[in-house]
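Each remark here refers to the structure printed beneath this line.
Derivation of every value follows stated rules applied to the coordinates shown; laboratory data play no part. Quantities reported herein were computed from a predicted structural model and do not represent experimental measurements. Neighbour counts are summed over all protein chains in view; Cβ atoms, including those assigned to glycine, are modelled from backbone coordinates with ideal geometry.
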Amino acid sequence: MSAPHVSGVAALVLDRNKHLSLADLTKLLLDTSTPLGNELEYGHGLVNADAAIKALEGLNTN
């Protein structure tokens, strides 16, 4: 059930920076996710839209 949430956050990020590469987008989402515990049970954690947008402001990819 995470796909719609991750897709939504990805759309928000790409709306702010349309030139972001897939690799940069993936790294940004993974680096800003909130860990929930064991990765075998929870994957990479909870997607964090606020952290992703704030981190995007620090990137120089235009």
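What percent do you get for the relative contact order of the stretch 3-56 when only Cα pairs under 8 Å and 6+ apart count?
With pairs under 8 Å counted, the relative contact order is 38 percent.
Helix 22-31: angle to the longest alpha-carbon principal axis of the chain, degrees 0 to 90, nearest 10?
Tilt of helix 22-31: around 50 degrees.
With a cut-off of at most 10 other beta carbons within 10 Å, and DSSP calling the residue loop, which GluC sites (Glu not before Pro) in the chain qualify? Please list them.
Hits after loop and neighbour filter: Glu57.
Kindly provide the helix-only [θ] at 222 nm of the chain, computed as the sum of -39,500 (n - 2.57) over DSSP H runs of four or more divided by all residues, to the nearest 500 deg cm²/dmol?
The helix-only estimate for the chain comes to -16500 deg cm²/dmol at 222 nm.
Placing unit charges on C-beta atoms (Lys and Arg positive, Asp and Glu negative, everything else neutral), compute the dipole magnitude of the chain about its Cα centre in debye, rounded to 20.
Here the chain has a charge dipole of around 200 debye.
Taking the dipole about the Cα centre of the chain, with the C-beta of Lys and Arg at +1 and of Asp and Glu at -1, give me whichever of Thr32, Tyr42, Ser21 is farthest to the positive side.
The residue sitting farthest along the positive end of the dipole is Ser21.
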